[in-house]
Amino acid sequence: MGQNLWSGGAVVIGAGYVGLTLSAFLASKGVRTTCVEKDHARAERIRRGEAPIHEEGLQELLRRVVDEGTLNVRAEMGGVLENSHIVFITVGTPTGSDYIPDLSQVQEASRQIGEALKSSSGQNPLIVVKSTVPPGTTWNVVRPIIEAASGRVCGEGFHLCSNPEFLREGSALHDTMNPDRIVIGAKSLEAAEALKSFYDHLYTPRKIATLITTPTNAELIKLATNTYLALKISFINLISNICESLNDADVGAVAEGLGLDPRIGPQFLRAGLGFGGSCLPKDTRAMRGLAASLGVDTSLIDSILEINKAQRTRVVERLSTMLGGLAGRMVAVLGLSFKPGTDDVRESPSIEMVRELLSRGAEVRVHDPKALNNAKQVLESGVTYCKSVEECLMGVDAAIIATEWPEYSALNPQTARSLMRNPLIIDGRRILDHEQWASAGVKVYKIGLRGPDG
Ligand code: UGA
C-alpha cells in the first residue's frame, strides 16, 4: 500500500485549522489534493486562494497551490475517491451534552465516504481519522458507518487508521510541516505501515518519531495530551494565586524553577488568565465526560476546569475592588483572541472577561490586532471596538492585557499614562516590567505577584 498511497491523490474532508493546513501542505509537496468543505461560502473563498483563518504563511501557500492546481476545493464528495488513495477526516467535534463530543460531523463524513466508496471503481483507500474523537470512535463508529454505506469490509475494501493531530493554532502551518511526533492507531499493521511510509515520504529527509498502537490508544493519547497541558496551566495558576497572597513571591520565578526539573519541563507553565481556544477546554471536558461515563472519579479534571474558569473572574473581582466598583467605569481590554498569532476567539478568556465587565456595568473598549472582526460576531452590543491601542486606552479607568500580542509588550509606559484617565493596568499575561511601569507612574497589577494595592 505504501508507495501507492503516495502516488495517488489525497482527499481532506473539513477545512478547519487541521484540514486546511494539511491540504495546503500536501498540495505543496506535489500530492494532488482535494479538500471537501461543506460550507459553500468557505469553500468558495478557499477556491479563490483566500485563507478564511489567520495563520502565518497559510495565505501565501494556499494561493500558490490553488494557482498551480494541486489543490482543488469542493463542497461535495461525489466522485472524489476515484483517483485518491488516502482520505483524511478533519471535521469538527464540538462539545455536546454531558461533556461528550458531538460526533455528528464525523458520522456524516464517514457516511459520505462510504457512499462514495460504493460507487467508486478506484483502489481500496486508506481512511485516516484526524478529528479529535473519544476512544473507540474510529473502530466502533467510523468503521461500521463506512462498512454499512459502502458494502465493503474494513481491511479488504478499505483500510482505517486513527492519526490524531497535535498542531497548535498560531503556528498551524509550521507544526504541520514539522511535527515532533506521529501517532498512528490501527488494527492492521499493513494499514499502519502504509500511513507511516506515506509520512516518511512526506517528511523526507526528516525522520519523525512515530508510535504505532491501537486506534483506542491513539485517540486516548490525544485527549490525555490536551488534558495534561490544561492540568499544567491550571496547576501554575493555582501556584500563581498562592504567590499573590505571599510577600515577595513571583510565579514567574517559581515556574522557572519548576521547569528546571527535567521531569516537569518548562513549557505550559505560564500563569495568566487560563486556557481557551477550541481544543484544550473542549478536550478536557471530553476527558471528563469519558471518565464520568466509565464511572471513573472526575475530581482532578473538575478542578482543572474550575481553576481555569475562576482565573478570569478573579481578575475582574480584583479590578472592581481596586476601582471601588465597576459600574460606569471605562475599561480597556487589550487582546481578544485566545492566544497571540491567531484571530480565533473561541472560548477566549478575554471574551468571557468582557462579558463579565459588561454585566457589572463597566463601559468596555477593546482592541486586537487580528481578532476584532471575529469578536464582533460573538460579543453583545455595547462594546467599543478600537483600531489602535492608543485609541483603546484613551480616557480609561483601567486596562487589562488579556492576550500577549507583541504590540502590548512594546507599549510605552509614558504614552499609556498620558492617554489613560487613571493609570492602572492589570497584566493578565505577565508581559510588562511592572517596576519600570511603576516608575513611569502607572500601577501594574501583574497576575502571580502581590498587587500594588497589597
Ligand atoms: C492545543 C495543543 O497545544 C495542540 O498540541 C493541539 O493539537 C491543539 O490544542 C488541538 O487539540 O487541536 P491550541 O489550542 O492551538 O493547541 O493552543 P495552546 O497553545 O495549547 O494554548 C491553549 C491556551 O492555553 C491558550 O489560551 C494559551 O494562552 C493558554 N496557555 C498556554 C496558558 O495560559 N499558559 C501556558 O503556559 C500555555
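The values are calculated or read from the model by the stated rules, or taken from the named source; none is laboratory data. Everything numeric in this text was worked out from a predicted model, so none of it was measured. We place every Cβ from the backbone using ideal geometry, glycine too, and count neighbours over all the protein chains shown. Just the protein is used for accessible areas: all its heavy atoms, side chains included, with ligands, DNA and RNA removed. Shrake-Rupley method; radii C 1.70, N 1.55, O 1.52, S 1.80 Å.
Numbers below:
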read-out: Some residue of segment 167-188 being over 28 Å from the mean Cα position of the chain (by Cα), open to solvent by less than 20 Å² (accessible area, probe 1.4 Å), away from the ligand (no atom under 16 Å from the Cβ) and under 21 Å from Val11 (Cβ atoms); value: no
read-out: Whichever residue in segment 249-259 is open to solvent by 40 Å² or more (accessible area, probe 1.4 Å) and of a type in the set (Gly, Ala, Ser) and, among such residues, is farthest from Asp433 (Cα to Cα); value: Gly257
read-out: Some residue of segment 305-314 being in contact with a Pro (Cβ under 6 Å, 6 or more places away or on another chain), more than 10 Å from the ligand (Cβ to nearest atom) and within 26 Å of Gly341 (Cα to Cα); value: yes
read-out: Strands (runs of 3 or more DSSP E) wholly inside segment 330-440 that include at least 3 residues being of a type outside the set (Gly, Ala, Ser); value: 330-334, 363-367, 383-385, 424-427
read-out: Test result for Ser150, touching a strand residue (DSSP E or B) at 6+ places or on another chain (Cβ under 9 Å) and farther than 30 Å from Pro369 by Cβ; value: yes
read-out: Residue that is more than 17 Å from the chain's Cα centre (by Cα), at pLDDT 95 or above and within 11 Å of the ligand (Cβ to nearest atom), where the choices are Asn226, Asn241, Asn217, Asn237; value: Asn237
read-out: Filter result (open to solvent by less than 10 Å² (accessible area, probe 1.4 Å) and of a type in the set (Asp, Glu)) within segment 398-445; value: Asp427
read-out: Residue that is of a type in the set (D, E, K, R) and touching a His at 6+ places or on another chain (Cβ under 8 Å), where the choices are Glu244, Glu190; value: Glu190
read-out: Residue list for segment 22-37, restricted to those being open to solvent by 20 Å² or more (accessible area, probe 1.4 Å) and assigned to a helix (DSSP H, G or I); value: Ser28
read-out: When residues of segment 290-300 are limited to those that are more than 16 Å from the ligand (Cβ to nearest atom) and part of a helix (DSSP H, G or I), the one least open to solvent (accessible area, probe 1.4 Å); value: Ala291
read-out: Scope segment 120-149; condition under 18 Å from Gly78 (Cα atoms) and open to solvent by 30 Å² or more (accessible area, probe 1.4 Å); matching residues; value: Ser121, Gln123, Asn124, Ile145, Glu147, Ala148
read-out: Members of segment 55-75 found to be open to solvent by 100 Å² or more (accessible area, probe 1.4 Å) and either modelled with pLDDT of 95 or more or not in a loop (DSSP other than H, G, I, E, B) (or both), listed by number; value: Glu60, Arg63, Arg64, Asp67, Glu68
read-out: Qualifying residue in segment 260-279 (condition: open to solvent by less than 50 Å² (accessible area, probe 1.4 Å), part of a helix (DSSP H, G or I) and within 16 Å of the ligand (Cβ to nearest atom)); value: no
read-out: Tally of residues being open to solvent by 20 Å² or more (accessible area, probe 1.4 Å) and over 21 Å from Leu229 (Cα atoms) across segment 150-166; value: 6
read-out: Within segment 324-340, considering residues that are open to solvent by less than 20 Å² (accessible area, probe 1.4 Å) and not β-branched (Val, Ile, Thr), the one farthest from the ligand (Cβ to nearest atom); value: Leu326
read-out: Neighbours by Cβ (under 6 Å, 6+ apart or cross-chain): first from segment 265-280, at pLDDT 95 or above and of a type outside the set (Asp, Glu); second near the ligand (Cβ under 6 Å from one of its atoms) and in a loop (DSSP other than H, G, I, E, B); value: Gly276/Phe338; Gly277/Phe338
read-out: Segment 341-357 - residue that is open to solvent by 50 Å² or more (accessible area, probe 1.4 Å) and within 16 Å of the ligand (Cβ to nearest atom) and, of those, farthest from Thr21 (Cα to Cα); value: Glu352
read-out: Pair list, Cβ under 8 Å, 6 or more apart: segment 211-234 residue over 22 Å from Lys196 (Cβ atoms) and open to solvent by 10 Å² or more (accessible area, probe 1.4 Å), other residue among the polar types (S, T, N, Q) and in a helix (DSSP H, G or I); value: Asn226/Thr284; Thr227/Thr284; Ile233/Asn308
read-out: Among the residues listed as Ser381, Ser409, Ser418, the single one being at pLDDT below 95 and among the hydroxyl-bearing types (Ser, Thr, Tyr); value: Ser381
read-out: Matching residues, segment 372-397, being in contact with a His (Cβ under 8 Å, 6 or more places away or on another chain) and either open to solvent by less than 40 Å² (accessible area, probe 1.4 Å) or of a type in the set (Gly, Ala, Ser) (or both); value: Cys386, Ser388, Val389, Cys392
